[in-house]
Amino acid sequence: MQFRLPLVAVTMFLVTGVSLFAKSPSGGSVDPAVWVAYWSQPRVVLYGPEEKAFNENMHEVTFAHDRFDHALDEATLNADVQWLKDHPNAHFFIEGYASATGSEAYNLKLSGERAWWVKQLLIRKGIPADRILLAVPWGMLYPACLEDTEECHAKNRVVRFAYSPNSSNTGQ
């Protein structure tokens, strides 16, 4: 019962305030082209060689239209699992995304289901749950492609992994 109120508050914030994350410092919406450019570049390394290795070895998990419970490339997902097993100190976030087809609410839900499904699969395959800091849905907020084509939509139907420093590799 004591966790119910914070859970409700966080859920309400995510559902009603998610567009707050897509604002520029001046309060206007960020041009989606900024995100297309961001995803086309190598990730910036802030925490050293462990993060660099994580970014180089963990790959996006892709999904079919309206699907969350089956990765299109099982081999890539299995390679991610193996890399995580071989690097037991790596902690990370799971970020779910969706294409721009459908409503914002639907895509937020679908991207959350994708992130949750990947998290559960990793746990079933032997990755300890405490290494997964958060599985978060971003819906269609941060697109990798803006064109209204199937090829472009496919680039946005992904789950990405984001490295997180932890006490064993930050000296804390």
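The values are calculated or read from the model by the stated rules, or taken from the named source; none is laboratory data. Bear in mind the structure is a predicted one, so any value in this text is a computation, not a measurement. Neighbour counts are summed over all protein chains in view; Cβ atoms, including those assigned to glycine, are modelled from backbone coordinates with ideal geometry. All accessible areas refer to the heavy atoms of the entire protein, side chains included, with ligands and DNA or RNA removed. Shrake-Rupley method; radii C 1.70, N 1.55, O 1.52, S 1.80 Å.
Let me know the Kirkwood hydrodynamic radius for the stretch 79-172, please, with Cα pairs as the basis and the value in Å to one decimal. Each step should come with its number before you reach the end.
On the way: mean 1/r = 0.0709 Å⁻¹.
Kirkwood hydrodynamic radius for the stretch 79-172: 14.1 Å.
Can you send over the solvent-accessible area of Glu60, 1.4 Å probe, protein chains only, in Å² to the nearest 10?
Taking all protein chains as shown, Glu60 has close to 80 Å².
Given the Cα-Cα distance of Val45 and Ala33 and 0.36 nm per residue of separation, how much length would full extension add, in nm?
Values: separation 12, 0.36 × 12 = 4.32 nm, distance 2.20 nm.
Stretched fully, the Val45-Ala33 segment lengthens by 2.1 nm.
Rounded, prolate or oblate: pick one for the stretch 35-142, where a ≥ b ≥ c are the square roots of the eigenvalues of its C-alpha gyration tensor, a/c under 1.5 means rounded, and failing that, prolate if a/b is larger than b/c, else oblate. The partial results should precede the final answer.
On the way: a/c = 1.87, a/b = 1.32, b/c = 1.42.
Note, shape of the stretch 35-142 comes out oblate.
If each residue of separation counts as 0.36 nm, what is the full-extension length gain between Asp73 and Val136 once their alpha-carbon separation is subtracted?
Details: separation 63, 0.36 × 63 = 22.68 nm, distance 2.11 nm.
Result for the pair: 20.6 nm of gain on full extension.
Let me spell out the model: positive unit charges on the Cβ of Lys and Arg, negative unit charges on the Cβ of Asp and Glu, origin at the Cα centre of the stretch 43-100. What dipole size does that give, in debye rounded to 20? Could the numbers behind the result be given before it?
Values: 4 positive and 11 negative charges, 26 e Å.
My answer is approximately 120 debye.
Given labels modelled 7 Å from the Cα in the Cβ direction, how far is it in nm from Arg124 to Lys85?
That separation, rounded to one decimal, is 1.6 nm.
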